[in-house]
1. Specify whether the C-alpha gyration tensor of the chain places it in the rounded, prolate or oblate class, a ≥ b ≥ c being the square roots of the eigenvalues: rounded for a/c under 1.5, otherwise prolate if a/b is larger than b/c and oblate if not.
2. So what J values fall out for the stretch 153-160 if you push phi through Karplus, 6.51 cos²θ - 1.76 cosθ + 1.60 with θ = phi - 60°, rounded to Hz, Gly and Pro as x?
3. So, by mean Cβ neighbours within 10 angstrom, what's the order for 15-27, 229-241, 163-175 with the highest one leading?
4. By per-residue mean of other Cβ atoms within 10 Å, what is the highest-first order of 127-137, 182-192?
5. Send over the Kirkwood Rh of the stretch 1-95, from the inverse of the averaged 1/r over different Cα pairs, rounded to one decimal Å.
6. If you roll a 1.4 Å probe over the stretch 115-178 with all protein chains in place, what percent of the accessible area is carbon or sulfur?
7. Please report, in debye to the nearest 20, how large the charge dipole of the stretch 157-255 is about its Cα centre when each Lys and Arg carries +1 at its beta carbon and each Asp and Glu carries -1 there.
8. Relative to the longest principal Cα axis of the chain, at what angle does helix 237-251 sit, 0 to 90 degrees, rounded to 10?
Amino acid sequence: MKILSDPSAIEAIKKAKNIVALTGAGISAESGIPTFRGENGLWTKLSPEELASFESFYQNTAVVMEWYKHRQEVIKKCKPNPGHYALCELSSVPEHFNLITQNIDGLHQRAGSRDVVELHGNLLENYCVRCGQKYSIEEFDDVFNNAMNHVPRCNCGGLIRPNVVWFGEALPRENLELAYNATIQSDVFLSIGTSAQVRPAADLPVLAKQGGAFLIEINTQHTVLSEEADLILQGNSGEILPQLVEDIKTLLPKA
Ligand code: OAD
């Protein structure tokens, strides 16, 4: 075993048919994307209300869109790290595997993961708030770069916004349902790189545990979830996940 020594964790994984992983900003930290909370977190320096709400987008479109354009550029330059690749590898190990993410960076998909349940949208997608037309990142770049005062508008005249969930907005319903269904069926639930402070995503590990799942937390820090966790693996997910997946492969050899 590379990282697992806890007998109850080993027992739980040996019996697991449904494994669910929930990821947060921490899994992408080693790819160079800043987290929101904690040391140097984005929300320690910037105000979410001013940058991540529909009201501010409507009132200060240029400021908000310059901020999202900047984040799009950061994300385009970043690459998936060993944590993302390990979760892609894990997908074929148990009978059922579901990957749920709060991240909007698309790095799981770029690492090869399929059917990623995105709870907070995707920063590289954009759409018109009036007619709903979707804009790929290339199409959006074109409109943004030619827009007057960095206010991107659709051909219909409507404002174009990123496909991300802002404060006060509902999560995409279908994805939330997929996430709940996977969670209640899970035998082992991995909570990775999330401060577990933003609901409803933060409810998922708790729900899993209430349903009898073995809850493993992977984080560099103690979180509000740590008390609930059956096992805490403290450290960088980019280092822990490859080792953990190797152990799970040993415990759950393919039929
Ligand atoms: P947070 O920034 O709240 O938490 C990131 C977590 O990752 C913290 O608990 C860190 O300790 C941990 N962490 C940092 N580096 C790590 C590493 N290398 N390996 C493992 N863990 C590490 O991010 P989220 O929980 O994802 O919402 O935040 C949830 C939501 O709040 C985001 O999706 C976003 C934000 O407002 C929306 O945009 C709707």
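The values are calculated or read from the model by the stated rules, or taken from the named source; none is laboratory data. Computed from a predicted structure; not experimentally measured. No Cβ is skipped: glycine too gets one built from the backbone with ideal geometry, and neighbour counts run over all protein chains shown. Quick note on the areas: whole protein, heavy atoms, side chains included, nothing else; ligands and nucleic acids left out. Shrake-Rupley method; radii C 1.70, N 1.55, O 1.52, S 1.80 Å.
1. Numbers: a/c = 2.12, a/b = 2.05, b/c = 1.03.
In terms of gyration-tensor shape, prolate.
2. So the Karplus estimates, Gly and Pro as x, are 10, 6, 4, 7, x, x, 6, 9 Hz.
3. Numbers: 15-27: 23.7, 229-241: 19.5, 163-175: 14.2.
The most tightly packed comes first, giving 15-27, 229-241, 163-175.
4. On the way: 127-137: 14.5, 182-192: 23.8.
The most tightly packed comes first, giving 182-192, 127-137.
5. Numbers: mean 1/r = 0.0603 Å⁻¹.
It is 16.6 Å.
6. On the way: 1700 of 3650 Å².
For the stretch 115-178, the apolar C and S fraction of the accessible surface comes to 47 percent.
7. Details: 6 positive and 12 negative charges, 59 e Å.
So the dipole magnitude of the stretch 157-255 works out to roughly 280 debye.
8. For 237-251 against the chain, the angle is about 40 degrees.
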